[in-house]
Each structure stands twice: as structure tokens, then as C-alpha cells.
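K.L.:
Can you read through this structure? Questions will come right after.
The values are calculated or read from the model by the stated rules, or taken from the named source; none is laboratory data. Quick caveat: nothing in here was measured; it's all calculated off a predicted structure. Please note: Cβ atoms are built from the backbone with ideal geometry, for glycine as well, and neighbour counts cover all protein chains shown.
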Amino acid sequence: MPTLIYTDALVTINAIDLSDHVRSVQLNYEAEILDDTAMGTSGTRSNRPGLKNWTLTVEFYQDFAAASVDATLFALIGAVAFPIILRPVKATVVGATNPNFTGNAVLESYPPITGEIGVVGMASATFRCASVLTRAIA
């Protein structure tokens, strides 16, 4: 049974590869579920899929250097949609066991400074869909 242990995921935000600063990444993909229950049914609701939605949450090790985490993300709050690219394993070619996810997103939230004494500085960012999420295996 194949398993994946995350050690080298690819996370590219607006053409900047921030993979080496990622602690965790979570891509959520869902469809709205619409109730289409009509009178005269057997007492059970009926549902159908609606619009799709996706969000991306990334926890970064904060870095204020040029072209790093803060320089990339701070400029994206309130900006137009930008491309993201995600892959489970950065160093492995795109394929059936290493799909490439792409789409355009907007940055919903980014706290540039957060932390407490004696801990590594972190920055969590939440991205919301601005286009279709594409999954490629070739």
C-alpha cells in the first residue's frame, strides 16, 4: 500500500517558490450541496451538487528577506488574482502519483507578525479561489 510522507511539497505563490519555508499545507476542494427536495418524497432529503470551491491554507516559517515570505505575501492582500502551483513532491516529475494543482487565487488573510518569546516566527496565509482548480498528471 503506497503512502506519502510529506518532506518536499511544492508551493509556488505568484511565481515565487516558497517551498523551503512551508511547515504545512492544506488544499480544500469542495462542492456546494444544494437541497432539491420536493413535496411527495419518501421523507428523505434529496441533494445535488452546486458550485465548486477551493481554499489553500499554508503555514510558513516567516522570513522578511527580499523575495521571501513577507515580501511575496504582503503585496498580495487586496491585489488581483495571482497563480498558485502545488504538488506533493517538488523534486519528482508530475504524474499519476504526483499530481500538479494549479489555479488563480486571492489572498484572504495574512498576519505578518505573530509569535511569542522563544518560538520560531510563523505566518499562516489563507488563499481563496479566483478560478477553476486544475489537477494535471502529465
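K.L.:
Being of a type in the set (Val, Ile, Thr), at negative phi and touching a Pro at 6+ places or on another chain (Cβ under 7 Å) narrows it down to one of Ile33, Ile13, so name that one.
P.N.:
Ile33
K.L.:
Further question: Being of a type in the set (A, V, I, L, M, F, W, C), more than 21 Å from Val22 (Cβ to Cβ) and either under 17 Å from the mean Cα position of the chain (by Cα) or at pLDDT 95 or above (or both): is that true of Ile137 here?
P.N.:
yes
K.L.:
Kindly indicate the residue of segment 2-12 that is polar (S, T, N, Q) and loosely packed, with under 14 Cβ neighbours inside 10 Å and also farthest from Phe82 (Cα to Cα) among those meeting that condition.
P.N.:
Thr3
K.L.:
Taking only segment 6-60 into account, find how many residues are hydroxyl-bearing (Ser, Thr, Tyr) and in a loop (DSSP other than H, G, I, E, B).
P.N.:
Going through segment 6-60 one residue at a time, the tally reaches 7.
K.L.:
Which of the residues spanning segment 10-39 are among the hydroxyl-bearing types (Ser, Thr, Tyr) and in contact with a Ser or Thr (Cβ under 6 Å, 6 or more places away or on another chain)?
P.N.:
The one that is among the hydroxyl-bearing types (Ser, Thr, Tyr) and in contact with a Ser or Thr (Cβ under 6 Å, 6 or more places away or on another chain): Thr37.
K.L.:
Now a separate question. Filter segment 98-134 for residues that are among the β-branched types (Val, Ile, Thr) and within 18 Å of the chain's Cα centre (by Cα) and give the result.
P.N.:
Thr102, Val106, Thr126, Val132, Thr134
K.L.:
Which of the residues that make up segment 1-41 are touching a strand residue (DSSP E or B) at 6+ places or on another chain (Cβ under 6 Å), aliphatic (A, V, I, L, M) and without any contact (Cβ under 8 Å) to a residue 60 or more places away in the chain?
P.N.:
Passing the criteria: Leu18, Val22, Ala31, Ile33, Leu34.
K.L.:
I'm checking my understanding of the structure. Among residues of segment 1-51 that are modelled with pLDDT under 95 and of a type in the set (Gly, Ala, Ser), which one is farthest from Ser68 (Cα to Cα)?
P.N.:
Gly40
K.L.:
Right, something else. Identify all residues within segment 13-57 that are surrounded by 10 or more Cβ atoms within 10 Å (Cβ to Cβ), more than 20 Å from Arg128 (Cα to Cα) and among the small types (Gly, Ala, Ser); write none if there are none.
P.N.:
Ser46
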